[in-house]
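The values are calculated or read from the model by the stated rules, or taken from the named source; none is laboratory data. Only a predicted model underlies this, so the values are computations on that prediction, with no experimental measurement involved. Virtual Cβ from ideal backbone geometry, glycine too; neighbours counted across all protein chains shown.
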Amino acid sequence: MKKSVFCFLLMLILAKPCVAEEATIAVASNFTSAMQELATDFERQSGHRIHLAFGSSGKFFAQISNGAPFDAFFSADQAKPAALEQAGQTVSGSRLTYAVGALALWSINQQMDQNGDVLRRNQFNKLALANPRLAPYGAAAVQVLTNLGLDKTSRAKWVQGENISQTYQFVGSGNADLGFVALSQIYANGQLAQGSAWIVPKELYAPIRQDAVVLKKGEKNQAVIDLFAYLKTKRARSVIESFGYQNEGPAIE
């Protein structure tokens, strides 16, 4: 009895659960910086511990489909969480759109114009983009080039990364003159971190709605349950927006 009272009082003082839990989360690589900041803030508030694995949504989907022990999956699209949901590998009703991504054409050396003419002039050696078969941001990049009528003329100069992180590295290292990256990779606290960029108009590609879902393994994991509740708060939404993402739906206090 005394132990229970002590635990309750300790919880009131620290505003953290007496029994913290751990969760392992698979996260699309475009959301790396935002998720690291969110996880740090969430851990500080909740007392839970979040282990993050970053990579290609396509590879995570394959791994989860084959039994990889993740508690939740933050995809770069909606299709993969929906497919896992249909396959009965998720917790019913847990899927949510945590961010809407934006695409940018970025270079650390070349000065970007504000209407994409750098692509039309074709005065570059290598154009980096993520593999469109694996990465939603790569698929969006191909949509942009197709809508501009440049997919065939530029194809010989494409350098494809396995995911958007590798694509960013191609451009950041100078191995590609320019490349299509997630705006969140080059944008933080309302400003561009380095280089120059053309923020691609939304009408040139389908919305990049990114869904997260609780997997069966995480169904009774309080850390996962609390994390998904935290993502709906104004505090979390503000962090997400600071990296150039948009949010959908109302936020809770």
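The residues of segment 58-81 that are among the small types (Gly, Ala, Ser) and either in contact with a strand residue (DSSP E or B) (Cβ under 7 Å, 6 or more places away or on another chain) or under 20 Å from ILE164 (Cα atoms) (or both), listed by number, are GLY58, ALA62, ALA72, SER75, ALA76, ALA79. Among residues that are modelled with pLDDT under 95, in contact with a Phe, Trp or Tyr (Cβ under 7 Å, 6 or more places away or on another chain) and either of a type in the set (Asp, Glu) or assigned by TED's automatic domain parsing to the domain that holds MET112 (or both), GLY174 is not included. When segment 157-175 is filtered for residues that are of a type in the set (Val, Ile, Thr) and in contact with a Ser or Thr (Cβ under 7 Å, 6 or more places away or on another chain), the ones remaining, listed by number, are ILE164, VAL171. Out of the residues in segment 37-50 that are assigned to a helix (DSSP H, G or I) and either out of contact with any Leu (no Cβ under 7 Å at 6 or more places or on another chain) or at pLDDT below 95 (or both), which is surrounded by the most Cβ atoms within 10 Å (Cβ to Cβ)? Of everything passing the filter in segment 37-50, LEU38 is surrounded by the most Cβ atoms within 10 Å (Cβ to Cβ).
Output yes when any residue across segment 150-164 is over 26 Å from SER33 (Cβ atoms), in the same structural domain as VAL181 (by TED's automatic domain parsing), outside any helix (DSSP H, G or I) and not aliphatic (A, V, I, L, M), and no when none is. So far as segment 150-164 goes, no, none of its residues is over 26 Å from SER33 (Cβ atoms), in the same structural domain as VAL181 (by TED's automatic domain parsing), outside any helix (DSSP H, G or I) and not aliphatic (A, V, I, L, M). Pull up segment 99-138, narrow it to residues that are in contact with a Phe, Trp or Tyr (Cβ under 8 Å, 6 or more places away or on another chain) and part of a helix (DSSP H, G or I), then point me to the one that is nearest to GLN194 (Cα to Cα). Per the criteria, the residue is VAL118. The set of residues in segment 180-193 being part of a strand (DSSP E or B) and of a type in the set (A, V, I, L, M) consists of VAL181, ALA182, ALA188, LEU192.
Residue-wise test of (1) surrounded by fewer than 22 Cβ atoms within 10 Å (Cβ to Cβ); (2) modelled with pLDDT of 90 or more.
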{"site": "TYR205", "(1), (2)": "no, yes"}
{"site": "ARG209", "(1), (2)": "yes, yes"}
{"site": "ILE225", "(1), (2)": "yes, yes"}
{"site": "TYR230", "(1), (2)": "yes, yes"}
{"site": "TYR245", "(1), (2)": "no, yes"}
{"site": "ALA251", "(1), (2)": "yes, no"}
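The condition (being touching a Phe, Trp or Tyr at 6+ places or on another chain (Cβ under 9 Å) and either assigned to a loop (DSSP other than H, G, I, E, B) or modelled with pLDDT of 95 or more (or both)) is satisfied by just one residue among ALA20, ALA82, ALA53: ALA53.
Is it the case, given these coordinates, that ALA188 is within 15 Å of LEU103 (Cα to Cα) and out of contact with any strand residue (DSSP E or B) (no Cβ under 8 Å at 6 or more places or on another chain)? Yes; evaluated as a whole, the condition is true for this residue. Taking (1) out of contact with any Phe, Trp or Tyr (no Cβ under 8 Å at 6 or more places or on another chain); (2) crowded, with 19+ Cβ neighbours inside 10 Å; (3) not hydroxyl-bearing (Ser, Thr, Tyr) in turn, VAL213 satisfies each apart from (1). Going through (1) over 16 Å from the mean Cα position of the chain (by Cα); (2) in contact (Cβ under 8 Å) with a residue 60 or more places away in the chain one by one, ILE225 falls short only on (2). Looking across segment 93-120, the residues that are hydrophobic (A, V, I, L, M, F, W, C) and within 20 Å of GLY174 (Cβ to Cβ) come down to ALA104, LEU105, TRP106, ILE108, MET112, VAL118, LEU119.
Note on segment 194-233: residues that are among the charged types (D, E, K, R), in a helix (DSSP H, G or I) and under 30 Å from PRO69 (Cα atoms) amount to 3.
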